[in-house]
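Mind having a look at this structure? Questions to follow.
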Amino acid sequence: KKFSDSMTVALKGNIQGISIVEESNFEPNGHAIDELKRAQKAGAQAIVLIPDAYTSDAPERDRLLSIIGANNGKLPIIGNEIVNDQTLFTRFTDRQLQKLVISLPWHSSSYQNNTIVAPNFWGNKAQLDHRIAMTYDATQVVIQALDRLPIGRKPIEARQEIQKIISSSTFNISGLTGEVSFVGSDRSQSINSLVRPKCIDRKCVGFEPAR
């Protein structure tokens, strides 16, 4: 719940010129078609899905996906990274997915640095998702910060020193997601990607950059 609440607050703080006409927590006993009817009656021209993180067998997943099915491609749907679910392609038709756009922290279509990750290391590059890529880069950040750490530091001193090294204006690495540097505790580079289902001959098989 904290994850989805945080993203909702961030969304409200960053949209301009757009009105939120209906909000819903979509309770367990609710029905997707009823939620959509209320939104349309209120004048909604698009749907934003901000689900919390859940496991693959959680009931929240089916409730989330039922919104996409009930919409049947009528209104544009924008979802967060949790909506990035491979079962979309087996559960829905290309019509139901045609107006779906998902915001990801990073997408493999942005991947350019072929010298870092060889095919025999990761396997199919299509499976290189944002979690793998960003975890890899975070690990490299720590490794390179440790390389610059003076020998003999006590653990608590080392943690503080690493934070200073990483937040320094001279610190940067070349990672899977591009150049990595920080301003304070925030990353300097914006690497978010908008993707949509990639559908060919009425069959959707993955995601591609949304244009």
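So what is the diffusion coefficient of the chain in µm² per second by Stokes-Einstein at 37 °C and 0.692 mPa s, using a Kirkwood Rh over Cα pairs? Mind showing how you got there, number by number?
On the way: Rh = 19.7 Å.
Stokes-Einstein gives a translational diffusion coefficient of 166 µm²/s.
What nm value, rounded to one decimal, do you get for the distance between residue 42 and residue 10 when each label is placed 7 Å out toward the C-beta?
That separation, rounded to one decimal, is 2.2 nm.
If I compute solvent accessible area with a 1.4 Å probe over the protein chains, what percent of it on region 23-75 is carbon and sulfur? Kindly include the intermediate steps, with their values, before the conclusion.
Details: 1530 of 3170 Å².
So the carbon and sulfur contribution to the accessible surface is 48 percent.
Still on this model: Quote to one decimal, in nm, the extra length available between residue 156 and residue 18 on full extension: 0.36 nm per residue of separation minus the C-alpha distance between them.
Values: separation 138, 0.36 × 138 = 49.68 nm, distance 4.67 nm.
Result for the pair: 45.0 nm of gain on full extension.
I'd like the FRET efficiency for residue 25 and residue 208, computed as 1/(1 + (r/R0)^6) with the beta carbon distance as r and R0 of 45 Å, rounded to 0.05.
Values: r = 31 Å, r/R0 = 0.70.
Once rounded, the FRET efficiency stands at 0.90.
Could you calculate the contour length gain from residue 62 to residue 200, that is, 0.36 nm times the residue separation minus the distance between their Cα atoms, to one decimal place in nm? Present the calculation step by step, with values, prior to reporting the outcome.
Numbers: separation 138, 0.36 × 138 = 49.68 nm, distance 2.53 nm.
Using 0.36 nm per residue and subtracting the Cα-Cα distance, I get 47.2 nm.
Once amide H atoms are built 1.01 Å from N in the peptide plane, which residues 5 or more positions from residue 206, or in another chain, come under 5 Å H to H?
Amide H neighbours of residue 206, under 5 Å, 5+ apart: 198.
Residues with beta-carbon under 14 Å from that of residue 162, excluding residue 162: net charge, scoring Lys, Arg +1 and Asp, Glu -1? Each step should come with its number before you reach the end.
Values: positive: 148, 153, 154, 159, 164; negative: 147, 157, 161.
Neighbourhood net charge equals +2.
Can you pick out the pairs among 2/154; 41/198; 12/41; 12/74; 2/74; 74/198 whose Cα atoms lie more than 26 Å from each other? Can you show the working numbers first?
Numbers: 2/154 34 Å; 41/198 31 Å; 12/41 21 Å; 12/74 24 Å; 2/74 30 Å; 74/198 18 Å.
Where the Cα-Cα span goes over 26 Å, the pairs concerned are 2/154; 41/198; 2/74.
For residue 143 and residue 91, compute 0.36 nm times the residue count separating them, minus their Cα-Cα distance, and round to one decimal in nm. Don't skip to the end; give the middle numbers.
Numbers: separation 52, 0.36 × 52 = 18.72 nm, distance 4.18 nm.
Between residue 143 and residue 91, full extension yields an extra 14.5 nm.
Ok, one more. Mind checking the per residue accessible area of the chain for me, 1.4 Å probe, whole number of Å²? Before the final figure, lay out each step's value.
Working: 13410 Å² over 211 residues.
Result: 64 Å² of accessible area for each residue.
Still on this structure: From Cα pairs below 8 angstrom and at least 6 apart in sequence, can you work out the relative contact order of the chain, rounded to a whole percent? Provide the component values of the computation, followed by the final result.
On the way: 257 pairs, mean separation 37.8, N = 211.
For the chain, the relative contact order is 18 percent.
Tell me the mean residue ellipticity at 222 nm calculated for the chain from its helices only (DSSP H runs of n ≥ 4, each -39500 (n - 2.57), averaged over every residue, nearest 500). Please report the intermediate quantities before stating the final value.
Numbers: 8 runs with 79 residues, N = 211.
One gets -11000 deg cm²/dmol as the mean residue ellipticity at 222 nm.
Based on the Cβ-Cβ distance of residue 169 and residue 52, what FRET efficiency does E = 1/(1 + (r/R0)^6) give at R0 = 25 Å, to the nearest 0.05? Walk me through the intermediate numbers first.
Details: r = 36 Å, r/R0 = 1.43.
Step by step, r from the Cβ atoms, then E = 0.10.
Express in whole angstrom the spacing between the alpha-carbon centres of region 146-173 and region 1-51.
That distance is 42 Å.
The values are calculated or read from the model by the stated rules, or taken from the named source; none is laboratory data. Here the structure is a predicted model, which means the values were calculated and not measured. Ideal geometry is used to build each Cβ from the backbone, glycine not excepted, and the neighbour counts take in all protein chains shown. Each accessible area value is taken on the protein alone, full model and side chains, heavy atoms only, with ligands, DNA and RNA left out. Shrake-Rupley method; radii C 1.70, N 1.55, O 1.52, S 1.80 Å.
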